[in-house]
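Participant: Have a look at the structure that comes next, please.
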Amino acid sequence: MSASDPKRTWVKAMPDQQPPMAEIAGAYVAALRSGTNYSHARFDPIDCWLDDRWDDLWLLIQSVSDLPEEIDSLTLATVAAGPLESLLSKAPASYADQVLAAARRSPRLAKMLTGVWPSSIAPETWIRVVEFCRKVPHPIDGTYQY
């Protein structure tokens, strides 16, 4: 991570001097946008910091969803394939209820959900995600694949 990396400022400060989650979400999206190619390594700090901190991970996802600026599909897909997929595959099943309920109210979160892959998501949760995503009018890839 270079000194000019937008994530460096807030990753270095955690957890003792944690800024508001909206600020973290904004810096995270800016960092994702700054990369020229998709790279799993770009969200490793998020995965490490939020490993097993499901409430914080869910708050980050909601904060990204609530950002006022336009967010391109590639950035949404990166959040979907990283933090959102981690939440759905590793967190207690109750988070799936929260994600699906919030996605019904948030077109951006609904679109983000269409970028999640089955990975290690429990089959009963994955069925619910697929049923929801098949009804999303503007999926990330243009046509929902599952």
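The values are calculated or read from the model by the stated rules, or taken from the named source; none is laboratory data. Source: prediction; values computed, not measured. Here the Cβ positions follow ideal geometry from the backbone for every residue, glycine too, while neighbour counts run over all protein chains shown. The protein model used for the area step is the full one, side chains on, heavy atoms only, and it has no ligands, DNA or RNA in it. Shrake-Rupley method; radii C 1.70, N 1.55, O 1.52, S 1.80 Å.
Participant: Looking at (1) in a helix (DSSP H, G or I); (2) among the hydroxyl-bearing types (Ser, Thr, Tyr); (3) surrounded by fewer than 21 Cβ atoms within 10 Å (Cβ to Cβ), find the lone condition where Thr78 falls short.
Facilitator: (3)
Participant: While we're looking at this one, here's another question. Can you tell which of Pro83, Pro68, Pro92 is part of a loop (DSSP other than H, G, I, E, B) and closer than 17 Å to Leu32 by Cβ?
Facilitator: Testing whether each residue is part of a loop (DSSP other than H, G, I, E, B) and closer than 17 Å to Leu32 by Cβ leaves just Pro68.
Participant: Hey, another quick one. Go through segment 100-123 and give me each residue that's among the small types (Gly, Ala, Ser) and outside any helix (DSSP H, G or I).
Facilitator: Ser106, Gly115, Ser119, Ser120, Ala122
Participant: Would a scan of segment 128-142 turn up a residue that is basic (Lys, Arg), within 24 Å of Gly26 (Cβ to Cβ), touching a residue at least 24 places away in the same chain (Cβ under 8 Å) and open to solvent by 10 Å² or more (accessible area, probe 1.4 Å)?
Facilitator: The answer is no, given that none of the residues of segment 128-142 is basic (Lys, Arg), within 24 Å of Gly26 (Cβ to Cβ), touching a residue at least 24 places away in the same chain (Cβ under 8 Å) and open to solvent by 10 Å² or more (accessible area, probe 1.4 Å).
Participant: From the list Asp97, Asp56, Asp52, which one is within 23 Å of Gln18 (Cα to Cα), assigned to a helix (DSSP H, G or I) and more than 10 Å from the chain's Cα centre (by Cα)?
Facilitator: Asp56
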